[in-house]
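Any read-out appearing in this document is the output of simple, stated calculations on the displayed coordinates, not a laboratory observation. Only a predicted model underlies this, so the values are computations on that prediction, with no experimental measurement involved. Methodologically, a virtual Cβ is constructed for each residue, glycine included, from the backbone with ideal geometry; neighbour enumeration extends over all protein chains shown.
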Amino acid sequence: RGGVPAKEIPFSRPGSMTRVYAVASGKGGVGKSSVTVNLAAAMAADGLNVGVLDADIYGHSIPRMLGANGRPTQVQNMIMPPSANGVKVISIGMFVEGNTPVVWRGPMLHRALQQFLADVFWGDLDVLLMDLPPGTGDIAISIAQLVPTAEILVVTTPQQAAAEVAERAGSIATQTHQQIAGVVENMSYLPCPHCTAEGKEHRLEIFGSGGGRRVAEGLGRLLGHDIPVLGEIPLDPRLREGGDEGKPLAVADPEAPASQVLRSIATRL
Ligand code: ADP
């Protein structure tokens, strides 16, 4: 209505070479953001051009987890994203003052996402990862409209309750006609440290087991084709520490079991 027409989103252009993934979960706290930053850092370490768009308006923890302390700058009519660990990152949190919670309504969020996709100077990305808020909300729908080719990556824990809501979050793909890249099970088990010290392997299944498989099977039935479980990431206190310190474990210690799973997922995307 008399406004400036929205700029074209490079990732939705036919023939765009950028693979776009929307990382989704049913509930919060399952490690969606941790998985996103570790995958991004692992891909960047493998030589890919990677961007992360933090669209989790409730969490927006991605910049800290990646160690991106810089602010976006404006050059002509483009926003230059800060980068860290070789990953370009833009977050809704960079555009609010301090720790102010974001209380935007749907249409405003849609416009913000449109801007993040079209007005940010991403350059020639091989991969763009978008960290969605938990659940099935306005943002997931907006992403599907703005970048219909975005594939959904579902993160869950092994727990039945988490898996049920994760499946619901993934099932949005049937309405938006998006592809599901696969399911990542996080916090799958804790390798018993005493057993490891004795050269034995024993897995403590703190959150139960089978959540990832159940989500993949449920979504597979819904979509009529197989959905892969891309990996089962163990619990590792260093993964949390790496997030707190802005040093993703997948690159800080690539040999850690959690890192090996993350890196293998990164090569499959
Ligand atoms: P979400 O984005 O789903 O809300 P986060 O990535 O913020 O979840 O993770 C929630 C908390 O769990 C964070 O403190 C994070 O460091 C921690 N965490 C996530 N995955 C693991 C893991 N595999 N091992 C140990 N801690 C983890």
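Assorted remarks:
- If R0 is 30 Å, the Cβ-Cβ spacing of LEU223 and GLU201 corresponds to a FRET efficiency of close to 0.30.
- Positive-end extreme of charge dipole, the chain - chosen from THR196, ILE90, LEU153 (charges on Cβ): ILE90
- Gaussian network model of the chain, springs between alpha carbon atoms under 10 Å - residue of MET130, MET17, MET80 with greatest fluctuation: MET17
- Links that overshoot a 25 Å alpha carbon limit, given the list LYS7/LYS32; LYS7/LYS247; LYS32/LYS88: LYS7/LYS32; LYS7/LYS247
- Within the range 61-93: backbone nitrogen closer than 17 Å to the ARG111 label point (7 Å, Cα to C-beta): 92
- Amide proton proximity set for VAL23, modelled H, under 5 Å, gap of 5+: MET130, ASP131, LEU132, LEU153
- The range 204-269, relative contact order in percent, only Cα pairs under 8 angstrom and at least six apart counted: 24 percent
- Loop-resident sites, the range 154-218, for trypsin sites (Lys or Arg not before Pro), counting at most 11 other Cβ within 10 Å (DSSP): LYS200
- For LEU48, net neighbour charge (Lys/Arg +1, Asp/Glu -1) across residues whose Cβ lies under 15 Å away: +1
- Between ASP126 and GLN175, the simple label model (points 7 Å from Cα in the Cβ direction) yields a spacing of 3.5 nm.
- R0 of 25 Å, Cβ-Cβ distance GLU241-GLU164: FRET efficiency to nearest 0.05: 0.25
- In the chain, Cα pairs under 8 Å separated by at least six residues give a relative contact order of 25 percent.
- Magnitude of the charge dipole for the chain, about its Cα centre and with charges confined to Cβ atoms of Lys, Arg (+1) and Asp, Glu (-1), is about 600 debye.
- Shape descriptor for the chain: Rg over Rh equals 0.97 (Cα atoms; Rh from the Kirkwood inverse mean 1/r).
- Each peptide in 151-163, 172-184 was scored by the mean count of other Cβ atoms within 10 Å over its residues; highest first, the order is 151-163, 172-184.
- Using the average count of surrounding beta-carbon atoms within 10 Å as a protection proxy, the listed peptides 106-114, 52-60, 23-31 rank, highest first, as 52-60, 23-31, 106-114.
- Seen from LEU146, the other residues with C-beta closer than 13 Å to its C-beta sum to a net charge of 0, counting Lys and Arg as +1 and Asp and Glu as -1.
- When DSSP beta bridges are restricted to pairs lying wholly in the chain, around 20% turn out antiparallel.
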